[in-house]
Amino acid sequence: MDQTVGHPEFLQHHFSDVEQQRESAKLGMWIFLLTEVLLFGGLFCAYSIYRSWNPEIFHNAHRFLDVYLGTLNTVVLIVSSVTMALAIRSMQLDRKKQTLIFLIVTLALAAAFLVVKYFEYSHKFHLGQLPGKFYTFTGIEGTNPHIFFSVYFLMTGLHGIHVIGGMAVITWLIFKTRGRTFSSQYYTPIEMTGLYWHLVDLIWIFLFPLFYLVG
Amino acid sequence: MNKEATHTVPHILPMKLYLGVGAALIVLTAITVTVSFFNFGPYNLVVAMLVAATKASLVALFFMHLKYDNKIYLVIFLTSVVFLAVFIVLTMFDTLRRDDIDELKAEPIRREAIIYDSVQAPKHDTADSTFKVPDTTE
């Protein structure tokens, strides 16, 4: 059990050993992820209410979302989750160059997700399919079709902000990995970012069918 | 590297597993998209959510290592899911059933509940007591 090699540089003084430090970080991260689930949970609840009150509007409006772009983005996020998991695995095996490559691919896939989202959003902006009073589109039957787009932009928007945040952290990880901060003994920041990134993927896994498929 | 050194050495999963789970997720995505082109009426949502829940479980169990880690993390994660379910289900009980308490449907309740009679016909005819619960002391 006790394999402390003196006092490793990355071990903070208030932890008794590396294992305790790692477990504490993980516990904190999971509690943060719990609050994230509840944050999005409020919006999922809003979705449930508006959908149950306006089933026709949700059905008619969801046809205006591009299923193919949505599917493409789902696949992009899933692959980025795989590369993120592989980046952690490579660091566990001390293959730093591989870690770097996987992190860069993850970052590129996140950027690709946002590019697709940009095209989807700008198309909707152009048509006037916007939330609330900004809604000017006339091609959807039923009263108050803007409700669908309010919920859509809120939920995918908050998700998009999470993607941007994740990209910022992954960029930081890339510099840290290049700077040889991490090793198979210490890679907690990569692992925690991985957990966050998988949660972002997990939320999209629910957003995608709720908006693009069953609307 | 001493791989036997108990739990201080993290569990390193084989590459195949990650790629396999990734492939399964993409296959499930293909399934849910294909299924969405057919109409099963109210079951559309059920099918889509079942597939999504399966995908989410795969991500949480393998990518997030919940299957292999200390189970406390699984408990934390499931706690958030349980409370989210309570939140949404109780809200639905309210928002879906609000209309049921309109004048007509509230009638039998009103007949059974003495409080409505006393509120509607207050014994002490003060002008502002109409919507107050009357004083129980005579």
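The values are calculated or read from the model by the stated rules, or taken from the named source; none is laboratory data. If you're wondering where the values come from, they're calculated on a predicted model, not measured in any experiment. Positions of Cβ are backbone-derived with ideal geometry, glycine not excepted, and every protein chain shown enters the neighbour counts. In case anyone asks, the SASA skips ligands and DNA or RNA and just uses the protein heavy atoms, side chains included. Shrake-Rupley method; radii C 1.70, N 1.55, O 1.52, S 1.80 Å.
Which members of segment A:164-190 meet the condition of being buried (at least 21 other Cβ atoms within 10 Å of the Cβ) and part of a helix (DSSP H, G or I)?
Those that are buried (at least 21 other Cβ atoms within 10 Å of the Cβ) and part of a helix (DSSP H, G or I): A:Gly166, A:Ile170, A:Leu173, A:Thr177, A:Ile190.
Please find, within segment B:80-118, the residue that is modelled with the lowest pLDDT out of those that are within 7 Å of chain A (Cβ to nearest Cβ) and open to solvent by less than 50 Å² (accessible area, probe 1.4 Å).
Looking at the filtered set, the residue picked out is B:Thr95.
Taking only pairs six or more apart or across chains, which ones have beta-carbon atoms under 8 Å, a first residue in segment B:73-96 that is within 12 Å of A:Ser48 (Cα to Cα), and a second residue that is surrounded by 11 or more Cβ atoms within 10 Å (Cβ to Cβ) and among the polar types (S, T, N, Q)?
Cβ pairs passing all conditions: B:Ile88/A:Ser48; B:Thr91/A:Ser48; B:Met92/A:Ser48; B:Met92/A:Ser52; B:Thr95/A:Ser52; B:Leu96/A:Ser52.
Do we find a residue being modelled with pLDDT of 95 or more and surrounded by fewer than 16 Cβ atoms within 10 Å (Cβ to Cβ) anywhere in segment A:145-156?
Yes: one or more hits.
Every residue, every condition in (1) in contact with a His (Cβ under 6 Å, 6 or more places away or on another chain); (2) touching a residue at least 40 places away in the same chain (Cβ under 8 Å); (3) surrounded by 20 or more Cβ atoms within 10 Å (Cβ to Cβ), yes or no:
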site	(1), (2), (3)
A:Phe15	no, no, no
A:Gly28	no, no, no
A:Trp53	no, no, no
A:Ala61	no, yes, yes
A:Leu65	no, yes, yes
A:Thr74	no, yes, yes
A:Thr83	no, no, yes
A:Ser90	no, no, yes
A:Leu93	no, yes, no
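Restricting to segment A:28-86, name every residue that is among the small types (Gly, Ala, Ser) and facing another protein chain (nearest Cβ under 7 Å).
Within segment A:28-86, A:Gly41, A:Ser48, A:Ser52, A:Ser81, A:Ala85 qualify.
So, in segment B:65-75, how many residues would count as being buried (at least 18 other Cβ atoms within 10 Å of the Cβ) and either closer than 12 Å to A:Leu33 by Cα or in contact with a strand residue (DSSP E or B) (Cβ under 8 Å, 6 or more places away or on another chain) (or both)?
1
Would you confirm, using the coordinates I've provided, whether A:Phe208 is open to solvent by 30 Å² or more (accessible area, probe 1.4 Å), outside any loop (DSSP other than H, G, I, E, B) and modelled with pLDDT of 95 or more?
no
In segment B:35-44, how many are of a type in the set (Gly, Ala, Ser) and either open to solvent by 50 Å² or more (accessible area, probe 1.4 Å) or at the interface with another protein chain (Cβ under 7 Å from one of its Cβ atoms) (or both)?
1
Of all residues in segment B:45-66, how many are in contact with a helix residue (DSSP H, G or I) (Cβ under 7 Å, 6 or more places away or on another chain) and more than 9 Å from chain A (Cβ to nearest Cβ)?
Count: 3.
Consider segment A:151-175. How many of its residues are polar (S, T, N, Q) and within 15 Å of A:Asp201 (Cα to Cα)?
Adding up the residues that qualify gives 1.
Quick check on this structure: which one of A:Gly139, A:Gly194, A:Gly157 is in a helix (DSSP H, G or I), small (Gly, Ala, Ser) and away from chain B (no Cβ under 11 Å)?
Checking each option against the conditions leaves just A:Gly157.
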